[in-house]
Structure formats: C-alpha cells, structure tokens
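Single-structure report; data block below.
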Amino acid sequence: MNMRKLYFLSSVLLAASAAQAEMPHGYLNWQNEFYEKTGAYNDRVQMGMFFQNGLGFIGELRYNTKEGKANSWDPSSFNSNGQGFSVLYRFNPLEDKKFWLEPMFWLDSSEYWSTYEYGVTAGYNFSKVWRASLRYRYDMDKATAKSQSYGNEDRNNQRWDLWVDYRPEGTNFQYQLNAIYYDNEYLTWRNGNQNYRLTMRVGYQWGAWFPYASISDEKGPDKTSSNRQVLYRVGLTYSF
C-alpha cells in the first residue's frame with residue numbers, strides 16, 4: 001500500500017472511530033490556491049476530527065496541475081502533490097481557561113520529501129471577538145531518491161506562525177491575519193535562508209458552511225532576488 005492510500009485510510013478510520021465518541025466535532029475543507037507569477041494552481045482536501053478530551057486528528061491530500069500547464073486549472077489533469085497526517089492535543093495548563101496549549105506532530109509525504117514536523121501552539125481567547133495564537137514548528141525533511149537526483153539533501157527547518165482572529169459581534173464575518181517567518185537550511189529567498197509570508201483572510205459563517213478567501217504576500221519564484229508575488233486562495237469548510 002502506498003503512502004497516499006495509507007494516509008487516506010488512516011484519516012477515514014479515525015473519523016469513523018471519533019464518530020462513536022461523546023459529542024465529537026470535525027470539519028471537511030477544500031481549498032484552491034493560485035500563485036500570481038508562476039501561474040501554478042494547487043488544491044487540497046483536509047479532514048479534521050476532535051474529541052472532547054482535546055485529542056485531534058487531521059488528514060490531508062494535495063493536488064496540483066501537470067508540469068508545464070501554468071495558468072490552467074484543469075481537474076482532469078491533477079497530479080498528487082503530497083499528503084499529510086497530524087495528531088494534536090489541546091489542553092488548558094492554567095486556571096485561566098482562555099489560555100491553551102496544543103502540541104502537535106505532522107507526518108508529510110510527497111515524491112520529493114518525507115517530512116516529520118514537531119510543534120507547539122500557545123493561544124489566548126481574549127473574548128468571542130478577539131483571539132490570538134503563536135506556534136513554533138521544527139521540520140525534518142528527508143529527501144527521496146527523486147529529490148536526491150536533483151542534488152537535494154536532508155534538511156531541517158524552523159517556522160513561526162502568528163494568528164490574530166477578529167469576529168465582530170452581530171455579524172457572521174470572520175477576519176484573520178497570519179504572519180509566518182521561515183528559517184530554513186536551504187536557499188529560500190533573497191539569496192538567503194530566511195523568508196516570510198503575510199496573509200489576510202475573510203470568511204462568512206453560514207450555518208455549518210464557511211466560505212472564505214485570502215490574499216498573501218509570498219516570495220517570488222527567484223530564490224536569489226527579493227521578488228515577491230501574490231498568493232490567492234479560496235476555500236469552503238463544512239463543520240459537523
């Protein structure tokens with residue numbers, strides 16, 4: 001059984017077992033993204049299931065268009081762009097229940113890399129309107145044979161994420177600002193190893209459905225210059 005089938009089967013089995021737990025909740029999410037300068041389209045389908053005790057599972061499948069088909073979104077020509085599976089646990093370490101911690105482990109696989117990701121998120125719910133969280137993540141990339149044929153080697157990377165959520169009272173709109181800082185062991189951007197991404201997302205809660213769109217300031221395709229590009233995303237989440 002290949003890794004893609006294994007991840008998918010694992011997520012389905014975990015979802016089925018979670019459905020027997022007391023009042024579990026979960027989501028299904030589809031997302032499409034487009035890179036302005038490279039013209040690349042990527043899609044992902046993600047499913048998450050969470051227990052009342054704080055334990056959660058996430059499975060993900062990613063797809064992209066065939067090489068050479070920039071600026072063309074054609075579902076019939078999609079190739080696998082990797083898959084992932086995550087285990088996480090959220091808990092309140094203090095008497096203040098607004099503060100929470102969430103350690104996580106993510107196993108990711110593609111034709112170029114097998115990645116082991118370890119991280120922890122700290123969050124605080126100031127109110128129903130304002131929420132913020134900060135995550136540190138350490139990634140261990142193991143190069144596949146195909147990746148090694150391009151001269152790649154195993155590498156370790158660090159990443160910091162900041163989220164600020166605003167949910168104005170009396171409306172169904174939700175706004176989110178996400179800032180990411182990368183510190184990699186490979187040439188990334190501006191002839192160095194560091195990079196960043198800034199994203200603004202807006203969504204609308206319509207019952208169990210949550211359509212959303214985001215725009216990001218993303219590094220350009222040239223790793224040796226300071227070129228940037230716009231990353232557009234649209235998605236739809238169904239919660240249950």
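The values are calculated or read from the model by the stated rules, or taken from the named source; none is laboratory data. Please read all numbers here as calculations on a predicted model, not as lab measurements. For neighbour counting, all protein chains shown are included, and Cβ atoms are generated from backbone atoms with ideal geometry for every residue, glycine included. Please note that ligands, DNA and RNA were not included when accessible areas were found on the heavy atoms of the full protein model with its side chains. Shrake-Rupley method; radii C 1.70, N 1.55, O 1.52, S 1.80 Å.
Checked against (1) within 23 Å of ASP43 (Cα to Cα); (2) among the charged types (D, E, K, R); (3) surrounded by 14 or more Cβ atoms within 10 Å (Cβ to Cβ), LYS146 passes all but condition (3). Number of residues in the stretch 31-46 that are open to solvent by 40 Å² or more (accessible area, probe 1.4 Å) and not aromatic (Phe, Trp, Tyr): the value is 5. Would you confirm whether or not the stretch 79-95 contains a residue that is over 21 Å from the mean Cα position of the chain (by Cα) and over 30 Å from GLY170 (Cα atoms)? Within the stretch 79-95, one or more residues are over 21 Å from the mean Cα position of the chain (by Cα) and over 30 Å from GLY170 (Cα atoms). Yes or no: PHE78 of a type in the set (Phe, Trp, Tyr) and surrounded by fewer than 16 Cβ atoms within 10 Å (Cβ to Cβ)? No; evaluated as a whole, the condition is false for this residue. With the structure loaded, tell me whether ASN191 is among the polar types (S, T, N, Q), out of contact with any strand residue (DSSP E or B) (no Cβ under 9 Å at 6 or more places or on another chain) and under 19 Å from LYS37 (Cβ atoms) or whether it fails that test. So ASN191 fits the description; yes.
Give the residue that is least open to solvent (accessible area, probe 1.4 Å), with candidates limited to residues of the stretch 122-143 that are touching a strand residue (DSSP E or B) at 6+ places or on another chain (Cβ under 9 Å) and without any contact (Cβ under 8 Å) to a residue 24 or more places away in the chain. If we take residues in the stretch 122-143 being touching a strand residue (DSSP E or B) at 6+ places or on another chain (Cβ under 9 Å) and without any contact (Cβ under 8 Å) to a residue 24 or more places away in the chain, then ALA122 is least open to solvent (accessible area, probe 1.4 Å).
When each of TYR116, TYR136 is tested for being out of contact with any helix residue (DSSP H, G or I) (no Cβ under 8 Å at 6 or more places or on another chain), over 30 Å from TYR175 (Cβ atoms) and in a strand (DSSP E or B), the lone residue that passes is TYR116.
Scanning the stretch 51-66 for residues being open to solvent by less than 40 Å² (accessible area, probe 1.4 Å) and not small (Gly, Ala, Ser) gives a total of 7.
Would you mention how many residues in the stretch 81-90 are touching a Phe, Trp or Tyr at 6+ places or on another chain (Cβ under 7 Å) and either under 19 Å from MET49 (Cα atoms) or open to solvent by 60 Å² or more (accessible area, probe 1.4 Å) (or both)? Result for the stretch 81-90: 6. For the stretch 93-121, a residue qualifies if it is open to solvent by 30 Å² or more (accessible area, probe 1.4 Å), more than 24 Å from ARG44 (Cα to Cα) and touching a residue at least 12 places away in the same chain (Cβ under 8 Å), and the qualifying residues are LYS98, PHE99, LEU101.
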